[in-house]
Ligand SMILES: Cc1ncc(C[n+]2csc(CCOP(=O)(O)OP(=O)(O)O)c2C)c(N)n1
Ligand code: SF4
Ligand SMILES: [Mg+2]
């Protein structure tokens, strides 16, 4: 069941304080908000990456809910195993209560090395929620490029150099890839729009079958911004439409937040806040900013078209 | 099926029969020749409603092992089965399974590793995984594979052990050959296997635990030490479980199997189906009055070094037949373990080193006879230092 907003604060805290993520890191905020989406107990599986590493340094753990980390590329298949165990034991009457399963991975563990395991788990229809906290690079190993790294971004394996100005490719569209599995629920969210995000999480937990949440997760050292900007930078990403908020519910695409008039920002505003794009402000690289703007606009147009095409009112908005 | 009865079964079918009777909570598996028959048969049991198992037809072996890790940590009895490239693809997660002390049972049908790609038997797959922390049991026949998969559940889940177990049989030679297999009553197996009681299941949500934390130089070593401690109990536990199994089946198993070795002067050490071939040769040579025997380390991990040394030290010459290469330039993997087991002994046999049967190359009685005749020469004083590649065209 989708939760009412008044119920969010009553959900017990499942990821405690005292972890060792960087100050200003978006990842724990993402995880905490998503974990507010259900009253039921949750078993968490987590891929190798910043969130896992910094919350479970033995003999401490920040997790107040059952948690397993197995490896980098298998959060989804580990969750598939937990879910299979749950279904089996429930069917045999050995477990009675309702339990939710949340698989978490970073963008590296999701867009890249874990994509196969994720695709398999979605196709098989396990009843679980997959959360990608997307900080656009392999942060845990020192900011290397991933399939999610934005075009133009400087990472340690796509550095801004004399000849090549950062990452050349645009990110792959993970959210659409997941939607193409025709699962009940897929959504993109951001911590700046917390109500939107927690509502999406509660929908994801409520559906029967797989659901995917892809959530933008600012990273001060990786994106090179001050550590009190995670929420603001998310907000500008959303209002510049570089990170649109939308959901695909049973095949129906819906943009859940549409910035209007004065709220709309050029992507350049977002780019300028982050040191990873510093080289783009050079004159000879300015065309890259324009390309990114165009990419974001086209992406938005496509979302609007999808929204229209799949709308139950038959295409009027 | 409620009575013991004899059934004509292949090694692969015998294992799927054992899995049906064990009725694991979760099976996650992916097909690969020559293991495929196990998964196919088991899928049929699932869809015919013969088991309670939740079957996860994963998209790779990496996910098969990952799902078993998730299921087992969750508190379910979890099984999979694989061979060759499938086992290789699981490699990373084999260690995760063992190090998290998850009692997963996995029948493995031994097959050569690529390249070149080859679907037939050798032991390079499981030998490569011998130091992953899994218990390894090897089987000569379909009957042994059936029996040991059942026994393995109890060994793996014993409170002092809590470690995963591979039960290995030879690809095609055993997996696809029809044999008479004595199948136990369903009820007997069910009772023998009992209920799994894992100490810290993830699904006990009232008592949350964290599996797989970051564990650095300040604790990792202690955790590895605990893993070694668990391994040190495997022999005593296996002995008692084999005894219990004998009570329900009438079939006796040992960690180290021997054949006519008591008064032998020379012996062959080998694994799996080759032991069957060699038994015939030993019988024939014994009739001619030759004092020959066999040793089969059924349990290869942990390695029963003391017992093997005890049994071999009095012999004058021993041939170790490895069905895989290490490419160390010093011979096969079993050879190294046998040699080091004997190092502490005052009297040691001369050891001949053989590598045979790679990629399914046939090993026949004539070749085994040749090995015994080589041993005879050595007993008389002939020196052979190099590794012999048995049955290869040089
Ligand atoms: C098989 C494997 N390859 C590489 C690594 C090294 N590694 C650990 S975490 C990581 C990057 C994680 O990136 P992401 O998933 O984006 O999470 P983040 O650290 O950014 O939160 C890498 C490359 C590994 N642990 N396992
Ligand atoms: S490097 Fe980035 S993602 Fe990792 S803990 Fe620090 S802020 Fe968070
Ligand atoms: Mg990342």
Quick check on residue A:187: is it more than 14 Å from ligand 2 (Cβ to nearest atom), away from chain B (no Cβ under 14 Å) and in contact (Cβ under 8 Å) with a residue 12 or more places away in the chain?
yes
Test residue A:215 against the stated conditions and say whether it is at pLDDT 95 or above, crowded, with 22+ Cβ neighbours inside 10 Å, away from ligand 3 (no atom under 16 Å from the Cβ) and assigned to a strand (DSSP E or B).
no
Out of B:268, B:275, B:261, report the one residue that is in contact (Cβ under 8 Å) with a residue 12 or more places away in the chain, in contact with a strand residue (DSSP E or B) (Cβ under 6 Å, 6 or more places away or on another chain) and assigned to a helix (DSSP H, G or I).
B:275
Taking region B:46-61 and keeping residues within 14 Å of another protein chain (Cβ to nearest Cβ) and either touching a helix residue (DSSP H, G or I) at 6+ places or on another chain (Cβ under 9 Å) or assigned to a loop (DSSP other than H, G, I, E, B) (or both) leaves B:49, B:51, B:52, B:53, B:54, B:55, B:56, B:57, B:58, B:59, B:60, B:61
Taking region A:87-121 on its own, how many of its residues are within 11 Å of chain B (Cβ to nearest Cβ), touching a strand residue (DSSP E or B) at 6+ places or on another chain (Cβ under 7 Å) and part of a helix (DSSP H, G or I)?
3
Taking region A:45-86 as the search range and keeping residues that are more than 15 Å from ligand 2 (Cβ to nearest atom), farther than 12 Å from residue A:103 by Cβ and part of a helix (DSSP H, G or I), which one is farthest from the other protein chains (Cβ to nearest Cβ)?
A:86
Applying the selection to region A:87-117, what residues are more than 11 Å from ligand 1 (Cβ to nearest atom), touching a residue at least 60 places away in the same chain (Cβ under 8 Å) and surrounded by 24 or more Cβ atoms within 10 Å (Cβ to Cβ)?
A:102
Kindly indicate whether any position in region B:113-122 is closer than 26 Å to residue B:254 by Cβ and away from chain A (no Cβ under 14 Å).
yes
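Would you tally the residues in region A:123-168 being more than 16 Å from ligand 2 (Cβ to nearest atom), within 17 Å of the chain's Cα centre (by Cα) and closer than 23 Å to residue A:32 by Cα?
Qualifying residue count, region A:123-168: 3.
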In this structure, is residue A:18 more than 9 Å from chain B (Cβ to nearest Cβ), outside any helix (DSSP H, G or I) and under 24 Å from residue B:24 (Cβ atoms)?
no
By residue number, the members of region A:45-66 that are away from ligand 3 (no atom under 16 Å from the Cβ), in contact with a helix residue (DSSP H, G or I) (Cβ under 8 Å, 6 or more places away or on another chain) and touching a residue at least 12 places away in the same chain (Cβ under 8 Å) are A:45, A:62, A:63, A:65
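For residues that are out of contact with any strand residue (DSSP E or B) (no Cβ under 7 Å at 6 or more places or on another chain) and under 18 Å from residue A:124 (Cα atoms), tally how many sit in region B:45-62.
Filtering region B:45-62 down to residues out of contact with any strand residue (DSSP E or B) (no Cβ under 7 Å at 6 or more places or on another chain) leaves B:45, B:47-52, B:57, B:59-60, B:62.
Pick out the ones that are also under 18 Å from residue A:124 (Cα atoms) and you get B:47, B:57, B:59-60, B:62.
Qualifying residue count, region B:45-62: 5.
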Filter pass, residue A:68 being touching a strand residue (DSSP E or B) at 6+ places or on another chain (Cβ under 7 Å) and either within 23 Å of residue B:29 (Cβ to Cβ) or buried (at least 24 other Cβ atoms within 10 Å of the Cβ) (or both):
yes
Contact list please: Cβ distance under 7 Å, first residue in region A:24-43 and without any contact (Cβ under 8 Å) to a residue 24 or more places away in the chain, second residue within 16 Å of ligand 1 (Cβ to nearest atom) and not in a helix (DSSP H, G or I), pairs at least six apart or on different chains.
A:32/A:15
Show the residue pairs meeting these rules: Cβ distance below 9 Å; 6+ apart or different chains; first residue within region A:132-146 and within 14 Å of chain B (Cβ to nearest Cβ); second residue within 10 Å of ligand 2 (Cβ to nearest atom) and in a loop (DSSP other than H, G, I, E, B).
A:140/A:49; A:141/A:49
Those residues that are without any contact (Cβ under 8 Å) to a residue 24 or more places away in the chain and in contact with a strand residue (DSSP E or B) (Cβ under 8 Å, 6 or more places away or on another chain), I need them from region A:165-184; list them, please.
A:167, A:168
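Can you find, within region B:191-209, the residue that is nearest to the other protein chains (Cβ to nearest Cβ) among those that are touching a helix residue (DSSP H, G or I) at 6+ places or on another chain (Cβ under 7 Å) and closer than 24 Å to residue B:5 by Cα?
Ranking the qualifying residues of region B:191-209, first place goes to B:193.
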Qualifying positions in region A:154-183 - within 13 Å of ligand 1 (Cβ to nearest atom) and either over 30 Å from residue A:204 (Cα atoms) or surrounded by 23 or more Cβ atoms within 10 Å (Cβ to Cβ) (or both):
A:155, A:156, A:157
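Quick check on region A:141-162. Is at least one of its residues at positive phi, within 16 Å of ligand 3 (Cβ to nearest atom) and at pLDDT 95 or above?
Taking every residue of region A:141-162 in turn, at least one turns out to be at positive phi, within 16 Å of ligand 3 (Cβ to nearest atom) and at pLDDT 95 or above.
The values are calculated or read from the model by the stated rules, or taken from the named source; none is laboratory data. Just so you know, these numbers come straight off a predicted model, no measurement behind them. No Cβ is skipped: glycine too gets one built from the backbone with ideal geometry, and neighbour counts run over all protein chains shown.
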